[in-house]
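Chemist: The following block contains the structure, expressed as structure tokens.
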Amino acid sequence: GCGGAEETTLGKIKKNKSIVVGTDATFPPFEYKNDKKEYDGFDVELIQAIANEMGVKVQFVDTEFKGLIPGLQAKKFDLIVSAMYKTAEREKAIRFSDTYYPGGLAIMVKKDDSKIKGIEDLDRKEVAVQIGTKSVSFLKEKYPKVKPKEVEKNTDMFLELESGRVEAVVTGKPAAKVYAKEKGTVKVLDQLLTHEEYGYGIRKNDPELAKEVNTALKKLKENGKYDQIVKKWFGE
Amino acid sequence: MIQITELNKYFGAHHVLKEINLTIDSGEVVVIIGPSGSGKSTLLRCMNYLEPIQSGQIMIENQPIGMIEQQGKIKEMPQKQLNLIREKVGMVFQNFNLFPHLTVEENITLSPLTLGKVNKQEANKVANELLLKVGLTDRAKAYPEQLSGGQKQRVAIARALAMRPHVMLFDEPTSALDPELVGEVLQVMKDLAKEGMTMVVVTHEMGFAREVADRVVVMDQGKIIEIDSPDIIFQHPSQKRTKEFLNKVLK
Amino acid sequence: MIQITELNKYFGAHHVLKEINLTIDSGEVVVIIGPSGSGKSTLLRCMNYLEPIQSGQIMIENQPIGMIEQQGKIKEMPQKQLNLIREKVGMVFQNFNLFPHLTVEENITLSPLTLGKVNKQEANKVANELLLKVGLTDRAKAYPEQLSGGQKQRVAIARALAMRPHVMLFDEPTSALDPELVGEVLQVMKDLAKEGMTMVVVTHEMGFAREVADRVVVMDQGKIIEIDSPDIIFQHPSQKRTKEFLNKVLK
Amino acid sequence: MELDFSILLQDGNLPLLLKGLWVTIRMTFFALCISCMIGLLVGIGGMSKNKLISGICATYLAWFRGTPLLVQLVLLYYGLAISLQIDLTASVAGVLGLGMYSGAYVSEIVRGSIQSIDQGQMEAGRSLGMSHWQTMGKVILPQAVRRMLPPLANEFIALTKNSSLLSVITVPELMRAGNSIVADNFKYFEIYLTIALFYFVVNFVISTLIRILERKLHVGGVRT
Amino acid sequence: MELDFSILLQDGNLPLLLKGLWVTIRMTFFALCISCMIGLLVGIGGMSKNKLISGICATYLAWFRGTPLLVQLVLLYYGLAISLQIDLTASVAGVLGLGMYSGAYVSEIVRGSIQSIDQGQMEAGRSLGMSHWQTMGKVILPQAVRRMLPPLANEFIALTKNSSLLSVITVPELMRAGNSIVADNFKYFEIYLTIALFYFVVNFVISTLIRILERKLHVGGVRT
Ligand SMILES: Nc1ncnc2c1ncn2[C@@H]1O[C@H](COP(=O)(O)OP(=O)(O)OP(=O)(O)O)[C@@H](O)[C@H]1O
Ligand SMILES: Nc1ncnc2c1ncn2[C@@H]1O[C@H](COP(=O)(O)OP(=O)(O)OP(=O)(O)O)[C@@H](O)[C@H]1O
Ligand SMILES: [Mg+2]
Ligand SMILES: [Mg+2]
């Protein structure tokens, strides 16, 4: 790296009055392109509110999930906003902001399936999970009898279920609910398998930025704006 | 042996053979001469139907080749029937067209074996006899690229003979050869003629024509302009064009 | 004009030219004959260094070609220097080697234009003069594939002449031609000889050798076995092998 | 950037990659066989005088060469299952899909090399009484195969790498194994470079084998 | 399974796809230019008698042909930025990466076609006093180009489709646009078939253009 005279990321953001945000916009309801082909979703709206607090504009960069962390490290963007769970492994590579939303894994099955009522019924059954997500390690560690089938993309999990190749999908509950609502052929079980926390990814050497984002987030929680956005997207 | 009646052949709009009539008897040696582009090769190629024809008829041993009449309509004959007739007609090309990926012996035995005429042992026996005949016994295991031009052409002749053809067609068999190598190929052809093989030969070797031909056919611009014994053609040709052509070539 | 001294040439371990010594004077026409594989083409190709040599020296107008001595060591000369000497040596190949993607005129003008010898206008003027000389004025805009073999070879000669060479090398210029087309090419060569062009010709056309050659060189197995006037070579050759060779070819 | 390849020795990463490599090699090998068969059929069929046959072959070529492998795989694996209840396993769909895709490219290579064989060879075969297909099989193809080899090397190497798309239909091949390790520990460069090395070795073996075959098949050469 | 293509007309889906298509076409076009230049250089260089030059070219070929495009792109875009602070924009990295990758394949095509030109052509040029490079440029290459065209069609079509990997480095090309629509409305088959059709059309145009060029460049043909 270069010497300390280099300006910080936060400094750059303030100077340009814009923050560059990396996201994989294929994951409703967190981030996706809406019918007007604008970035939309819970994550999108919340980060825009945060940026507003910081007095800057948001500039999105759309890339595949596996490109997010190298992109951050390569300074292609300043912040990852892509429904990313905070995990110990990830924290070795990058820094996380304070968590901004609790999430968890849920089970999705076909609508007419009455046999599967919870995780106990999945033993020796094939279950679709997305590669590189929490679901994979969760099943492997906690429920080794379940046969996970890893697929490439979020949408592929649903295809697996619909084509009858797996009997269930284990994935983040909010996303599963959106799909169930859109398609009407599947349902999401109420049981929450894990408790996870979503956070924003930030470069290790940008503690100032993390602090600034955390401050802004706290402010939004205090002034009710945060609850408003949560209500809009998750109706809770 | 071969009867050609009112043969017409076009390449697109180009009329290449015009009303050709020619009968070749069994055991006869016919040499075809004429200027470049006059249609000699095309006529020869029609004789085993390498070229489709537009009208007229070609009979090999009283069987039509290529076209047959069926319920009053003229159509192409089935491939199988055509192949059977073709076996009777051996062809030797100017460029040899040996199969480069096979040895001399394999070149000769390929067709008899493929068509199931003989078993491997017999085929090899026949090949060896033929190689003896063309004087190449020692090159049986060589590949074509290891042979001189004259040797290649003798292998091509042996290959055609392996099918026991009733007539042999030669299209300028010596014109791609070095002058010193011409003699060995002509010698093989002379031997064949002596044995009574029916032969049709397109060539510029006037010496061979004089010595071996029973009749000489002179072609010009797609027509046969003269047919006669070599003596008459070379000494007293009736056509002015024949004279002009011979003058150029013999000069 | 050309001086070859103690030239040796190998292909791998195969010794193809053995201790060749030959001097060719300005304006002289030398014909090289000999059996296939005796090294005639190779010798010719050495004369403009299309083949590298292993020992000996070849001088073109008192300049060495290919190899030069520098600080006591023999090395290949720089490309540029080689190209300059090559311009003095025109070469005509058996297979013409015309450039198929260019018209006759473009074939002739390509090299002079590329080397910046002349401008486009002059180049075309020269091309037209040369085409007149070889009797092909009307085919300037044709592509090689639209020409007969004899026409192709005359274009190849014109193309070589366009570089105003001091000596012309011909490697069997007529052996790929139909017999009737041989005459027209030999005629162009005879005209050249009459104009005093230095020429080295490998050919099987003994008529041409007799008529035009100042000296005939006979090669066998990589050696020059006899050099003499055509009269002596054809009537009273001193070597037995020359006699044998001529017998075969002239038969 | 510091690279830390010791990561390969942790958490069973290397074995996972090797397992993926083995899947890649197996899938590629079977796909390659299918690709050659289809390429031969479609390549020769495309030259047929029969309008129907040559039409079918041209359509095959245009579709399978012209559209993305990803789409073809999704249609084959998910599309067939959802619309026609044809339930191929991932491996079967993968090998088939890869083979059909690559077959289109190979067919053009086959056609090109057959057409480059001197017309006189077919004439010689026919004039010896052999049929068109006998001559094709015994005379033309053995010579054409030799000329196909250099472009086939290109195609087979591309095929190896295209097999990474099979991860879309859940085949646990090399690239997918790598991605799942990367998702775990974020050591992209170490893992990707290792993957690149694996592919490199496989492709090096392919191109070497083909070069040896080229030499062996040298038409008319002395083969012993 | 019922397909409902009216989805294309809703929500600006078609315009988004068309925008993606336009990105794909642009990236492919520029990559293609780079690919040809590199292919020419590396192909000719590989035949050089200079051991250093031919060694460099052989290494280039082995690496860029032998390893996955995905890895090459990640190294070029992310790797360079992290390790050497060389910060290419996504478009530049994409065009460069695609071009260098495809260039390796093209170089083999170039080499093959140059070597297929009769040796006599070079000799004729040299014996007329032209240098090796002058003859290469004026005599050999114009003829070789004609023979390169059929395999180049294969390669350019593959290039078009390889451009879909650019989504990994944030280029919003056609396949990415499709994926983002699918994420919104889950109409996989409609969208994927549309994408396939778009690629098909582009590739049809490419192969048609090359076939026209083939006819135009018919060596020695009457060109008017
Ligand atoms: N495949 C073909 N397509 C179109 N025209 C052809 C074809 N083959 C030959 N021709 C034309 O048919 C005519 C007769 O050609 P042919 O080869 O039979 O002549 P030839 O007498 O054998 O000549 P040569 O002595 O040069 O071999 C020529 O005008 C030639 O251009
Ligand atoms: N490029 C080459 N590599 C290896 N050997 C060669 C090569 N070119 C020629 N030879 C060999 O060198 C010898 C002389 O060949 P050359 O072509 O000079 O003979 P030639 O007298 O011209 O014969 P021809 O009358 O057949 O043209 C032959 O034995 C030939 O096989
Ligand atoms: Mg002919
Ligand atoms: Mg020679």
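Chemist: What share of the DSSP beta bridges in the protein assembly as shown is antiparallel, in percent to the nearest 5?
Modeler: Rounded to the nearest five, the antiparallel share is 55 percent.
Chemist: In addition: Taking a point 7 Å out from Cα toward Cβ as the label site, list the nm distances between residue E:212 and the same residue in every other copy, smallest first.
Modeler: Inter-copy label distances (nm, one decimal, shortest first): 4.7.
Chemist: What is the count of Lys pairs in chain E whose alpha carbons sit under 28 Å apart, if the two are 8 or more places apart or on different chains?
Modeler: Values: E:19/E:161; E:19/E:187; E:49/E:138; E:51/E:138; E:138/E:216; E:161/E:187; E:161/E:216.
Eligible lysine pairs with Cα atoms under 28 Å apart amount to 7.
Chemist: Anyone know which of E:144, E:153, E:196 comes out most mobile in the 10 Å Cα GNM of chain E?
Modeler: E:196
Chemist: Further, regarding this structure: In degrees, nearest 10, range 0 to 90: what is the angle between the Cα axis of helix A:225-234 and the longest Cα principal axis of chain A?
Modeler: In chain A, helix A:225-234 runs at an angle near 30 degrees to the longest axis.
Chemist: Let me ask something else. Let me know the charge dipole size of the range D:75-224 about its Cα centre in debye, to the nearest 20, where only the beta-carbon of Lys, Arg (+1) and Asp, Glu (-1) is charged.
Modeler: Rounded to the nearest 20 debye, it is 560 debye.
Chemist: Could I ask something else about it? In chain C, what residue has the beta-carbon at the shortest distance from the axis of the rotation relating C to B, and what is that distance in angstrom, rounded to the whole number?
Modeler: Taking the axis that maps C onto B, the answer comes out as C:176, 4.
Chemist: Sticking with this structure for a sec: Taking amide H positions as placed 1.01 Å from N in the peptide plane, with prolines and chain starts having none, which residues 5 or more places from residue A:21, or on another chain, fall under 5 Å of its amide H?
Modeler: HN-HN under 5 Å from residue A:21: A:59, A:60, A:61, A:78.
Chemist: So who's got an amide H within less than 5 Å of the one on residue B:16, skipping anything under 5 residues away but keeping other chains? H placed 1.01 Å off N, in plane.
Modeler: For residue B:16, the qualifying residues are B:9, B:10, B:11.
Chemist: In the structure displayed, which of B:18/B:40; A:173/A:232; B:223/B:248; C:9/C:248; A:111/A:173; A:111/A:181 lie more than 18 Å apart, Cα to Cα?
Modeler: B:223/B:248; C:9/C:248
Chemist: According to the Kirkwood expression over distinct Cα-Cα pairs, how big is the hydrodynamic radius of the range A:153-236, in Å?
Modeler: On the way: mean 1/r = 0.0631 Å⁻¹.
Over the range A:153-236, the inverse of the mean reciprocal pair distance is 15.9 Å.
Chemist: Under a plain spin-label model, where a point goes 7 Å from the Cα along Cα-to-Cβ, how far apart in nm are residue D:201 and residue B:190?
Modeler: Placing both labels 7 Å along Cα→Cβ, they lie 7.0 nm apart.
Chemist: To continue, here is another question. Select from D:55, C:72, B:113 the residue farthest towards the positive end of the dipole of the protein assembly as shown; place +1 on Cβ of Lys and Arg, -1 on Cβ of Asp and Glu, and compute about the Cα centre.
Modeler: It is D:55.
Chemist: Right, something else. Residues with amide H under 5 Å of residue B:219's amide H, sequence separation 5 or more or different chain, H placed in the peptide plane at 1.01 Å from N; which?
Modeler: Residues meeting the criterion, in which the H sits 1.01 Å from N, are B:33, B:34, B:225.
Chemist: Is the shape of the range B:2-250 best called rounded, prolate or oblate, per the rule: a/c under 1.5 gives rounded, else a/b larger than b/c gives prolate, else oblate, with a ≥ b ≥ c the square roots of the Cα gyration tensor eigenvalues?
Modeler: oblate
Chemist: For the range B:2-250, give me the percentage of DSSP beta bridges that are antiparallel, rounded to the nearest 5 percent.
Modeler: Antiparallel: roughly 60 percent of the beta bridges in the range B:2-250.
Chemist: If r is the Cβ-Cβ distance from residue C:204 to residue B:11 and R0 is 35 Å, what FRET efficiency results, to the nearest 0.05?
Modeler: Plugging the Cβ-Cβ distance into 1/(1 + (r/R0)^6) gives 0.60.
Chemist: Give the angle, between 0 and 90 degrees and rounded to the nearest 10, that separates the Cα long axis of helix D:13-45 from the longest principal axis of the Cα atoms of chain D.
Modeler: 20 degrees
Chemist: Would you tell me the mean number of C-beta atoms belonging to other protein chains that fall within 10 Å of each C-beta in E:184-193, as a whole number?
Modeler: Counting Cβ atoms of other protein chains within 10 Å of each residue's Cβ and averaging gives 6.
Chemist: Across the range D:56-62, in residue order, what do the Karplus-derived ³J(HN,Hα) couplings come to in whole Hz, using 6.51 cos²θ - 1.76 cosθ + 1.60 with θ = phi - 60° and x for Gly and Pro?
Modeler: 4, 5, 5, 5, 3, 4, 4
Chemist: Right, something else. Binning at 5 Å from 0, report for chain A what percent of all alpha-carbon pair distances ends up in each bin.
Modeler: P(r) over chain A, rounded to whole percents: 1, 6, 13, 18, 18, 15, 11, 8, 5, 2, 1, 0, 0.
Chemist: Taking the label point 7 Å from Cα in the Cβ direction, how far apart in nm is residue B:129 from each other copy of itself, listed shortest first?
Modeler: Ordered by distance, the counterparts are at 6.8 nm.
Chemist: Between helix D:141-162 and chain D, what is the angle of the helix's C-alpha long axis to the longest principal axis, kept within 0 to 90° and rounded to the nearest 10?
Modeler: 20 degrees
Chemist: For the range C:34-149, what Kirkwood radius comes out of the mean inverse Cα-Cα distance, in Å?
Modeler: That comes to 16.7 Å for the range C:34-149.
Chemist: Could you derive backbone 3J(HN,Hα) for the range A:198-209 from the dihedral phi with the Karplus parameters 6.51, -1.76 and 1.60 (θ = phi - 60°), listing whole Hz in sequence and x where the residue is Gly or Pro?
Modeler: 8, x, 8, x, 9, 5, 4, 8, 10, x, 4, 5
Chemist: Put +1 on the Cβ of each Lys and Arg and -1 on the Cβ of each Asp and Glu in the range D:5-217; which of D:202, D:148, D:117 then has its Cα farthest toward the positive end of the dipole?
Modeler: D:117
Chemist: Continuing with the same structure: How far is residue C:5 from itself in the other copies, in nm, if each label sits 7 Å out from Cα along the Cα-Cβ line, shortest first?
Modeler: The projected label point of residue C:5 is separated from its counterparts by 7.9 nm.
Chemist: So what's the back-of-envelope 222 nm ellipticity for the protein assembly as shown, counting only DSSP H runs of four-plus at -39500 (n - 2.57) apiece and dividing by all residues, rounded to 500?
Modeler: Taken over the protein assembly as shown, the calculation gives -16000 deg cm²/dmol.
Chemist: Still on this structure: Counting only protein heavy atoms and rolling a 1.4 Å probe, how much accessible area do C and E lose on contact, total for both sides, in Å² to 100?
Modeler: 2100 Å²
Chemist: While we're here: Give, as ranges by residue number, the residues of the range D:150-192 whose backbone N falls under 18 Å from the point 7 Å along Cα→Cβ of residue D:211.
Modeler: Residues D:150-158 qualify, since their backbone N sits under 18 Å from the label point.
Chemist: Can you tell me the accessible area per residue over the range E:5-217, all protein chains present, probe 1.4 angstrom, in square angstrom?
Modeler: 38 Å²
Chemist: As a test, work out the antiparallel percent of DSSP beta bridges whose residues both lie in chain A, rounded to the nearest 5.
Modeler: Values: 19 of 34 bridges.
In chain A, DSSP labels about 55 percent of beta bridges as antiparallel.
Chemist: I need the shape label for chain D. Rule: rounded when a/c is under 1.5, else prolate if a/b > b/c, else oblate, with a, b, c from the alpha carbon gyration tensor.
Modeler: Verdict is oblate for chain D.
Chemist: Give me a comma-separated list of calculated 3J(HN,Hα) values for the range C:213-227, in order, Karplus coefficients 6.51, -1.76, 1.60 applied at θ = phi - 60°, integers in Hz, x for any Gly or Pro.
Modeler: 5, 7, 9, 10, 9, 9, 10, 8, 6, x, 10, 7, 9, 6, 9
Chemist: Under a Cβ-only charge scheme (Lys and Arg +1, Asp and Glu -1), can you give me the dipole magnitude of the range B:181-251 about the Cα centre, in debye to the nearest 20? Don't skip to the answer; put the middle values down first.
Modeler: Details: 10 positive and 11 negative charges, 74 e Å.
It works out to roughly 360 debye.
The values are calculated or read from the model by the stated rules, or taken from the named source; none is laboratory data. Just so it is clear, the model here is predicted, and its values are computed rather than measured. Reconstructed Cβ throughout: ideal geometry from the backbone, glycine too, with neighbour counts over all protein chains shown. In case anyone asks, the SASA skips ligands and DNA or RNA and just uses the protein heavy atoms, side chains included. Shrake-Rupley method; radii C 1.70, N 1.55, O 1.52, S 1.80 Å.
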